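Single-structure report; data block below.
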């Protein structure tokens with residue numbers, strides 16, 4: 001049953017023996033030990049399990065870990081390893097989060113957005129975050145922070 | 001949390017290998033592309049495949065190309081691929097308009113257009129635009145290939161004409177020389193909701209229209225009666241009103257947690273009128289930009 005799978009997580013190589021029924025979310029949390037991808041709705045709606053798979057956001061609850069064999073995976077732990085990334089600093093300055101459960105997914109969605117559109121419009125920010133649910137803030141301080149990060153030269 | 005049933009995972013490297021696996025396991029096999037439906041269906045026990053065949057190792061299936069006026073979407077083309085495709089935005093921008101309102105970025109990065117047709121939930125987004133465009137589904141199996149018009153594809157909720165052992169390899173869309181299009185999707189809120197109702201319109205020169213509705217019948221439906229009523233007539237108020245009055249004959253919506261049948265019917269009338277106008281204006285190069293919010 002076991003599949004030999006190699007994941008590159010935040011630049012580190014992990015050789016794992018996995019059951020195909022294990023999701024990427026389970027493998028990341030349970031095997032690799034990164035805890036920023038959260039177990040939320042487990043149906044792709046809430047965005048709290050968001051990770052970057054080869055640079056694109058995916059729902060790690062809807063990806064089998066075996067599918068990610070050979071892929072480059074970035075979680076929040078891999079963002080801003082040497083000090084906060086600009087968007088993280090902006091989120092901090094705007095006091096954007098309360099409970100923080102959605103924060104890892106939102107940071108990764110913002111990183112993907114800012115990589116493609118360094119100076120996004122409000123509409124682009126809203127569109128990028130449409131799949132990341134936050135139940136605390138009403139989104140406004142999050143949107144403001146990402147717009148501010150996009151204004152930096 | 002875990003997928004409770006065990007299964008065998010295989011990732012073939014060639015089409016022949018994939019087809020042999022599908023032939024061997026028939027209905028016990030499930031094809032995995034983006035997995036955004038398959039994995040949640042497996043979690044909910046709606047499907048319980050013994051073998052999962054991951055087709056992401058098959059070469060060439062992610063390509064989006066235009067060949068002799070026909071748009072070809074490989075089975076692995078995702079909604080994000082469609083949104084980013086210069087070929088789509090130049091030749092069939094209404095497909096990108098549709099892709100832009102599917103779920104969320106994280107789903108669009110993974111979910112494929114062909115997979116959306118294969119899942120065949122009544123609220124699927126790819127269906128209406130592609131049905132209005134007379135798209136064809138290309139299918140391969142060990143004993144050969146066949147092509148099914150999308151009009152014969154949907155057989156009910158989550159049911160299609162695909163047989164055990166078969167694999168969808170490509171969607172082809174014979175594009176009209178000139179056209180204007182519009183896809184409108186009604187959700188409970190902006191962003192990532194499933195459709196409560198949707199409509200796709202293609203306007204062709206000579207006051208010729210092709211129309212399809214989603215989420216308001218067991219399967220995506222073509223609105224032939226409305227198309228006939230509009231044939232050759234300029235889009236004035238009387239024509240639009242007559243077309244809207246035919247909506248209840250075409251659709252058969254249900255009431256569920258997302259909307260009542262009455263609301264769906266009312267909104268289909270509203271959306272039809274707006275989509276017809278926008279498509280006609282776009283045909284005349286005088287319409288709102290594709291992707292603009294018209295609801």
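The table below gives the values:
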item: Some residue of segment A:92-102 being surrounded by 22 or more Cβ atoms within 10 Å (Cβ to Cβ), modelled with pLDDT of 95 or more and under 22 Å from residue B:190 (Cα atoms); result: yes
item: Among (1) without any contact (Cβ under 8 Å) to a residue 60 or more places away in the chain; (2) farther than 20 Å from residue B:84 by Cα; (3) within 14 Å of another protein chain (Cβ to nearest Cβ); (4) surrounded by fewer than 24 Cβ atoms within 10 Å (Cβ to Cβ) - the single one residue A:144 does not satisfy; result: (3)
item: Within segment B:270-282, tally of residues that are touching a helix residue (DSSP H, G or I) at 6+ places or on another chain (Cβ under 9 Å) and buried (at least 18 other Cβ atoms within 10 Å of the Cβ); result: 6
item: Residue within segment B:178-186 that is within 26 Å of residue B:63 (Cα to Cα) and loosely packed, with under 15 Cβ neighbours inside 10 Å present; result: yes
item: Test: residue in segment A:33-40 that is within 11 Å of another protein chain (Cβ to nearest Cβ), under 22 Å from residue B:103 (Cβ atoms) and assigned to a strand (DSSP E or B); result: no
item: Residue list for segment A:48-58, restricted to those being in a loop (DSSP other than H, G, I, E, B), out of contact with any strand residue (DSSP E or B) (no Cβ under 7 Å at 6 or more places or on another chain) and within 10 Å of chain B (Cβ to nearest Cβ); result: A:55
item: Residue B:66 vs. criteria surrounded by 16 or more Cβ atoms within 10 Å (Cβ to Cβ) and in a helix (DSSP H, G or I); result: no
item: Breaking point among (1) within 11 Å of chain B (Cβ to nearest Cβ); (2) modelled with pLDDT under 95; (3) within 15 Å of residue A:104 (Cα to Cα), for residue A:84; result: (1)
item: Matching helices (runs of 4 or more DSSP H) fully within segment B:95-162 where at least 2 residues are surrounded by fewer than 24 Cβ atoms within 10 Å (Cβ to Cβ); result: B:113-119
item: Qualifying residues in segment B:232-246 (those that are surrounded by 11 or more Cβ atoms within 10 Å (Cβ to Cβ) and not in a helix (DSSP H, G or I)) - the one farthest from the chain's Cα centre (by Cα); result: B:233
item: Residue B:209 vs. criteria more than 15 Å from the chain's Cα centre (by Cα) and not in a loop (DSSP other than H, G, I, E, B); result: yes
item: Some residue of segment A:1-22 being closer than 30 Å to residue A:139 by Cβ, facing chain B (nearest Cβ under 9 Å) and crowded, with 19+ Cβ neighbours inside 10 Å; result: no
item: Check on residue B:167, within 27 Å of residue B:24 (Cβ to Cβ), buried (at least 22 other Cβ atoms within 10 Å of the Cβ) and not assigned by TED's automatic domain parsing to the domain that holds residue B:14; result: yes
item: Matching option when the condition is within 27 Å of residue B:165 (Cβ to Cβ), touching a strand residue (DSSP E or B) at 6+ places or on another chain (Cβ under 7 Å) and not in a loop (DSSP other than H, G, I, E, B), among B:87, B:53, B:47; result: B:53
item: From the options B:55, B:64, residue that is more than 14 Å from every other protein chain (Cβ to nearest Cβ) and within 24 Å of the chain's Cα centre (by Cα); result: B:64
item: Unmet criterion (only one of (1) over 22 Å from residue B:102 (Cβ atoms); (2) within 11 Å of another protein chain (Cβ to nearest Cβ)) for residue A:129; result: (1)
item: Filter result (part of a helix (DSSP H, G or I) and touching a residue at least 24 places away in the same chain (Cβ under 8 Å)) within segment A:112-128; result: A:112, A:113, A:114, A:115, A:122, A:125
item: In segment B:1-36, residue nearest to residue B:159 (Cα to Cα) [restricted to those that are free of Cβ contacts under 8 Å to residues at least 24 places away in the same chain and within 13 Å of another protein chain (Cβ to nearest Cβ)]; result: B:30
item: Which numbered condition residue B:39 misses (of (1) at the interface with another protein chain (Cβ under 10 Å from one of its Cβ atoms); (2) under 30 Å from residue A:125 (Cβ atoms); (3) touching a helix residue (DSSP H, G or I) at 6+ places or on another chain (Cβ under 6 Å); (4) surrounded by fewer than 20 Cβ atoms within 10 Å (Cβ to Cβ)); result: (4)
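The values are calculated or read from the model by the stated rules, or taken from the named source; none is laboratory data. None of the values given here were measured: they were computed from a predicted structure. Here the Cβ is made from the backbone with ideal geometry for all residues, glycine too, and neighbour counts use every protein chain on show.
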